Amino acid sequence: MLVSPKAQKNSVKVAKYVPKLSEAKQLEAEQKKNVLLLVENLVEREEATFKMIIDCLYDVGSVNLINKKIRFRPLNKMMKLVARLSKSGFRTVAIYWVKKNSPELITNFLIRKVRF
């Protein structure tokens, strides 16, 4: 095939060598994917446990926040009642967030702990 000199200058050069990940990096990426799948499975299986954890954290956190921010006694009691009533809505949002984000957060945390 004949190519004009002008076309030769504009031709695209293809890299002949594409560096591959080292064997250790490949293994780490594969194991990270496995850990992520296992943690996702754990979150799905133990949804009731996560709901209980969220409920406990919400109870303690809401009371502490209200006590810290609101000193006026009658308003403090009313806000605690409002917090108790809004718990189910918070739980729904929190479970959605936990299912979506916690497997990746937990996996990254664990990988950082074993990396030197």
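Results, tabulated for the structure shown:
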quantity: The stretch 85-116, residues that are open to solvent by 50 Å² or more (accessible area, probe 1.4 Å), touching a residue at least 12 places away in the same chain (Cβ under 8 Å) and over 30 Å from residue 31 (Cβ atoms); calculated: 90, 91
quantity: Cβ pairs under 6 Å, 6+ apart, first in the stretch 25-45 and more than 13 Å from residue 102 (Cβ to Cβ), second of a type outside the set (Ser, Thr, Tyr); calculated: 32/111
quantity: The one condition in (1) open to solvent by less than 60 Å² (accessible area, probe 1.4 Å); (2) of a type in the set (A, V, I, L, M); (3) modelled with pLDDT of 95 or more that residue 43 fails to fulfil; calculated: (3)
quantity: Which numbered condition residue 48 misses (of (1) at pLDDT 90 or above; (2) within 28 Å of residue 110 (Cα to Cα); (3) surrounded by 10 or more Cβ atoms within 10 Å (Cβ to Cβ)); calculated: (3)
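The values are calculated or read from the model by the stated rules, or taken from the named source; none is laboratory data. Small disclaimer: the values here were computed from a predicted structure and weren't measured. Don't worry about glycine lacking a Cβ; one is built from the backbone with ideal geometry, like all the others, and counts go over all protein chains shown. Each accessible area value is taken on the protein alone, full model and side chains, heavy atoms only, with ligands, DNA and RNA left out. Shrake-Rupley method; radii C 1.70, N 1.55, O 1.52, S 1.80 Å.
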